[in-house]
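Please read the structure below before turning to the comments.
The values are calculated or read from the model by the stated rules, or taken from the named source; none is laboratory data. Just so it is clear, the structure is predicted and the values come from calculations on it, not from any experiment. Cβ: placed from backbone, ideal geometry, glycine included. Neighbour counts: every protein chain shown.
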């Protein structure tokens, strides 16, 4: 057993033995594991922490569960000894799913273009909840929470601030209580700005010298005609500057 797993095992034993102090020990487990992954064993990494709370009628919150993803190119895109298995609770369980394995900590390579965290949420009840997301060390990325029940995407800050997203579950509705309802998507973004009037498909009108794609944040300050189907991450433009040819589709992923 390596050093990381040995310390996790100690924390897990405490967690199981002291059920009346579950939330305090859960916090200890996450802090301990974050320390192990982020500093002690593998050096600095990027991290993405998700906490689940009960959201009460008076807007107060109570911690329920949580998980952590750690990103470093020392890790593989697999399940191995660098990951920590989920210890299941009696009530709600939030964990990361990879290769049909439930993980409280998932170690992954750094994100170069796209990546998805598959959040699994089980044993829910009919009530209001809140997710809180906190990321550190994640640069040149955009991120959003995809809710496959409400068909919405909520932007998540990656600058160290915490992003709160409220949601409700109705256990009488299958899609509402679906354990795979939520996923977190990352995209490595770049920026392109228009530098002259012209057609979208002309690379010479863009500051990047290439036609924007699905990872591009596009800023339009000239008159641009969208003459081909276009998928971008974000589009910043006054409607008067954009003309879309008939039959052409524009998809904005991060809106």
Out of all the residues in the stretch 162-173, which are closer than 14 Å to residue 51 by Cβ and without any contact (Cβ under 8 Å) to a residue 40 or more places away in the chain?
162, 163, 164, 165, 167
Of the conditions (1) buried (at least 19 other Cβ atoms within 10 Å of the Cβ); (2) out of contact with any strand residue (DSSP E or B) (no Cβ under 7 Å at 6 or more places or on another chain), the single one that residue 174 does not satisfy is (1)
Lone unmet requirement of (1) farther than 27 Å from residue 60 by Cβ; (2) touching a residue at least 60 places away in the same chain (Cβ under 8 Å) for residue 241:
(2)
Residue hits (the stretch 238-255; in contact with a strand residue (DSSP E or B) (Cβ under 8 Å, 6 or more places away or on another chain) and either assigned to a strand (DSSP E or B) or modelled with pLDDT under 90 (or both)) are 242, 243, 244, 250, 251, 252, 253, 254, 255
